[in-house]
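A.B. asks: Got a structure for you, written out below as structure tokens; questions coming shortly.
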Amino acid sequence: MTASEKLTTLEEMVAAIPNGASIGLGGSFLHRGPFAFVRELIRQGKRDLEIIKASPGYDIDILCRAGCVSRVRAGIVAMEGNFGLAGGYRKAIESGAVKLEEHACMTLTAGLRAAGAGVPFMPVGGVHGSQIAEVSGWKKIADPYGSGEEVWLIPAIRPDFAVIHAHAVDRDGNARVEGSPHWDRAMTRAARKVLVTAETLARPESFAERPELTLVPGFMTAAAVHVPQGAWPGSLAPVYDVNYEAAARYVEESADGSIAEHMAAAPEARQEEPA
Amino acid sequence: MTSYTPFSYVVINLARLIRPSEVTFSGVNSTLPMLACLVAKRAYDFNFTWLNVAGGVDAELAGPVPLSSGDAALTAGSRSIFANEDFYDLCTRGGMDLCFLGASQIDGTGATNNSVIGDWDTPKVRLPGGGGSAVMMPTLKRAATWRTEHSTRTLVDKLFFQTAKGNLQSVVTPMCVFDKREGRLAVASYHPDVTLDEIRAATGFETDISQAQPTPEPTEAELAALRSLDPDGTFEADAAIRMPEVAA
């Protein structure tokens, strides 16, 4: 048995991300996001990032508050639960500090599907009558096969990195996700490099037993890291629910201008402390 | 005296838009439609397919209703996971009958704005964005939206930005239910405690009231279903829906 070439630490994984990189994040709103990874981006002081995610919330909000982001491509942004708007994101867009490319969730995925398929653009249903097409600079064509239908085309979106939080990973980077994959399938096929954080480190045999549960095969994974509670304060069903108390404290504390306490309370920060 | 509260009026009248045998979808940031789908499942004596953004298909909740309408609790009892790419493709190929899609502003033609207050480039307020609405609204059969605030800021003659346009058929507010007729939102029915003059004063677009009727009272089954979903009134308190102040 050879040593793992994929397993690394959260610090090393993030250290390999250059300033200015575009990063597609997995999950949706408060659910199964790679949030420990996101906080490590902040700890390492990354700058000028582009964040790509159909429905970001906590992740884009805290990255905006920490000054790590300059561009975002998203379809809907909110803290969700019952927390309403994402105040840090909102302020960053309104002040012009962060530039938004607005999407309609599936248009973002159409762009990812284009990149995943290796073609320059992808048709998408709908969009007719939406001014998002104007502000995002999309084009439409008449069906070249003559049905008379017009179809909008979304240019390929190829993130430098896709980062997902999985339920389990093995030493070779195979990543298993239970429940909804959200948008993670298209995201991981589109990116130049796939990074996996995972709740548990599992035996390779367990992947061989149920290979259809593997969302990302190991050969596509550039690096993987075992991060228990990696989606905190969000959920990783059925292992843990949204920690509404921690999320509410983040919303309150960050509105007062600081994220220090929240960052210190994160599970990966507390695990680093000596026993 | 009506048995509606502003909250139960919105949820129950959203539930009444659901029809037998159809495919109905509830999305993210959509607590009231999530409750409406669950009310319909518990109170109505017919079958329909309920898809939700968490990937659930006809989920049967075992425990309490989650605060987040995208929570995996909404896949409990689901015998398949029908995730994002699947339900969007279903919609754009014409397989979605009714979708509940949020809107910050709605105009008289049923176009919606979820993007900005002010100019898109230099917004006064950056709103969450439309989620799937620009893709879904033109391709589904019927969309329904809801506003917890019925006012001339939310129901407007002119949108700040047109995030989505298409087949919006119904709008439910604490005051009334709008239904699209001949391309315009008309008052179909109204809360028993408000007058049509009050509705017109609180609505920023011209609306036809000629066929408006008082909304039928909630049934025992509807109220019981809603009580079972929100036993301690958490959702009702969070929604904080009030009637607009009307001049005495």
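A.B. asks: Take the eigenvalues of the Cα gyration tensor for region B:94-175, scale each by 5, and report the square roots as semi-axes in whole Å, largest first.
C.D. replies: Values: eigenvalues 83, 46, 19 Å².
For region B:94-175, the ellipsoid semi-axes come out as 20, 15, 10 Å.
A.B. asks: Right, something else. Name the most mobile residue of B:141, B:124, B:41, meaning the one with the largest mean-square fluctuation, in a Gaussian network model of chain B with Cα contacts below 10 Å.
C.D. replies: Largest GNM mean-square fluctuation: B:124.
A.B. asks: Using Cα pairs under 8 angstrom and six or more residues apart, how large is the relative contact order of chain B, in percent?
C.D. replies: On the way: 522 pairs, mean separation 49.1, N = 248.
Across chain B, relative contact order equals 20 percent.
A.B. asks: Would you mind giving the average projected area, over all directions, of the Cα convex hull of region A:1-114 in nm² with one decimal? Walk me through the numbers on the way to the answer.
C.D. replies: Details: hull surface 33.3 nm².
Result: 8.3 nm².
A.B. asks: Based on the Cα atoms of the protein assembly as shown, what semi-axes does the equivalent ellipsoid have, where each is the square root of 5 times one gyration tensor eigenvalue, given in whole Å with the largest first? It would help to have the intermediate numbers written out before the result.
C.D. replies: Working: eigenvalues 296, 123, 105 Å².
Working from the Cα gyration tensor, I get semi-axes of 38, 25, 23 Å.
A.B. asks: Within the protein assembly as shown, what percent of beta bridges assigned by DSSP are antiparallel, to the nearest 5? Provide the component values of the computation, followed by the final result.
C.D. replies: On the way: 30 of 77 bridges.
The antiparallel proportion sits near 40 percent.
A.B. asks: So, one more: In nm, to one decimal, how far is the residue A:244 label point from the residue B:62 one, both placed 7 Å along Cα→Cβ?
C.D. replies: 2.0 nm
A.B. asks: Here's a follow-up. Over 28 Å, how big is the tail of the calculated P(r) for region A:99-247, in percent of all Cα pairs? Before the final figure, lay out the partial values.
C.D. replies: Numbers: 3723 of 11026 pairs.
That tail contains 34 percent of the Cα-Cα pairs.
A.B. asks: Considering only B:239, B:228, B:50, whose Cα is most displaced toward the positive end of the charge dipole of chain B, charges sitting on Cβ of Lys, Arg (+1) and Asp, Glu (-1)?
C.D. replies: Final value for the positive-end residue is B:50.
A.B. asks: So if I place +1 on the C-beta of Lys and Arg and -1 on the C-beta of Asp and Glu, and nothing else carries charge, what would the dipole magnitude of region B:97-191 be about its Cα centre? I want it in debye, nearest 20. Numbers along the way, then the final one.
C.D. replies: On the way: 11 positive and 8 negative charges, 13 e Å.
Result for region B:97-191 is approximately 60 debye, rounded to the nearest 20.
A.B. asks: Moving to a separate point now. Once fully extended, how much extra length lies between residue B:238 and residue B:193, figured as 0.36 nm per residue of separation less the alpha-carbon to alpha-carbon distance? Could you put the intermediate results ahead of the total?
C.D. replies: On the way: separation 45, 0.36 × 45 = 16.20 nm, distance 2.26 nm.
Here the answer is 13.9 nm.
A.B. asks: Hey, another quick one. Is there a quick way to get the dipole size of region A:10-261? I mean about its Cα centre, with the Cβ of Lys and Arg at +1 and of Asp and Glu at -1; what is the value in debye to the nearest 20?
C.D. replies: 600 debye
A.B. asks: Principal axis extents for chain B, Cα atoms only, whole Å, descending order, please.
C.D. replies: Projected onto its principal axes, the Cα set of chain B covers 49, 47, 32 Å.
A.B. asks: Considering only A:113, A:185, A:249, give the residue with the highest GNM mean-square fluctuation for chain A, with springs between Cα atoms whenever their separation is below 10 Å.
C.D. replies: Among A:113, A:185, A:249, the largest GNM mean-square fluctuation belongs to A:249.
A.B. asks: Moving on. Among the aspartates and glutamates, select those whose C-alpha is under 17 Å from the C-alpha of residue A:99, and discard any that sit fewer than 8 residues away in the same chain.
C.D. replies: Counting by Cα, and skipping residues close in sequence, residue A:99 has these aspartates and glutamates nearby: A:48, A:50, A:59, A:61, A:134, B:119, B:121.
A.B. asks: May I ask you to derive the FRET efficiency for residue A:134 and residue B:167 from their Cβ-Cβ distance with R0 = 22 Å, giving the value to the nearest 0.05? Walk me through the intermediate numbers first.
C.D. replies: On the way: r = 21 Å, r/R0 = 0.96.
The pair residue A:134/residue B:167 has a calculated efficiency of 0.55.
A.B. asks: Using DSSP to call loops (not H, G, I, E or B), can you name the GluC sites (Glu not before Pro) in region A:1-84 whose Cβ has at most 15 other Cβ atoms within 10 angstrom?
C.D. replies: Numbers: sites: A:5, A:11, A:12, A:40, A:50, A:80; in loops: A:5, A:80.
Within region A:1-84, the qualifying GluC sites (Glu not before Pro) (loop, at most 15 other Cβ atoms within 10 Å) are A:5.
A.B. asks: Which whole-percent values make up P(r) of chain A when all C-alpha to C-alpha distances are grouped in 5 Å steps starting at zero?
C.D. replies: Calculated over all Cα pairs of chain A, the distribution is 1, 6, 13, 17, 19, 17, 12, 8, 5, 2, 1, 0, 0, 0 percent.
A.B. asks: If I take all pairs of Cα atoms in region B:1-86, what percentage of them are more than 15 Å from each other? Let's see the in-between values first.
C.D. replies: Details: 2023 of 3655 pairs.
Roughly 55 percent, rounded to a whole number.
A.B. asks: Do the sum for chain A: with -39,500 (n - 2.57) for every DSSP H run of n ≥ 4, divided by all residues, what is the mean residue ellipticity at 222 nm, to the nearest 500 deg cm²/dmol?
C.D. replies: On the way: 11 runs with 84 residues, N = 275.
Estimated from H runs of four or more residues: -8000 deg cm²/dmol.
A.B. asks: Another one. Farthest toward the dipole's positive end in region A:138-275, which of A:251, A:266, A:146, given Cβ charges of +1 (Lys, Arg) and -1 (Asp, Glu) about the Cα centre?
C.D. replies: Checked the options; the winner is A:146.
A.B. asks: Also, quick follow-up: With charges set only on the Cβ (+1 for Lys and Arg, -1 for Asp and Glu), what does the dipole of the protein assembly as shown come to about its Cα centre, in debye to the nearest 20? It would help to have the intermediate numbers written out before the result.
C.D. replies: Working: 47 positive and 63 negative charges, 246 e Å.
Dipole about the Cα centre, nearest 20: 1180 debye.
A.B. asks: Which residue, A:31, A:165, A:182, has the most motion in a Gaussian network model of chain A that connects Cα atoms within less than 10 Å?
C.D. replies: A:182
A.B. asks: Can you give the helix-only mean residue ellipticity at 222 nm for chain B, where every DSSP H stretch with n ≥ 4 adds -39500 (n - 2.57) and the sum goes over all residues, rounded to the nearest 500 deg cm²/dmol?
C.D. replies: Numbers: 7 runs with 59 residues, N = 248.
Taken over chain B, the calculation gives -6500 deg cm²/dmol.
A.B. asks: 7 Å from Cα along Cα→Cβ at both residue B:221 and residue B:200: what's the point-to-point distance in nm?
C.D. replies: Taking the simple label geometry, residue B:221 and residue B:200 are separated by 3.7 nm.
A.B. asks: Over the Cα atoms of region B:181-233, how large are the radius of gyration and the largest Cα-Cα distance (Dmax), in Å?
C.D. replies: In Å, with Rg to one decimal and Dmax whole: 14.9, 42.
Bear in mind that the values in this text are calculations on the coordinates, not laboratory data. Note that the coordinates shown come from a computational prediction; the quantities given were computed from them, not determined experimentally. Don't worry about glycine lacking a Cβ; one is built from the backbone with ideal geometry, like all the others, and counts go over all protein chains shown.
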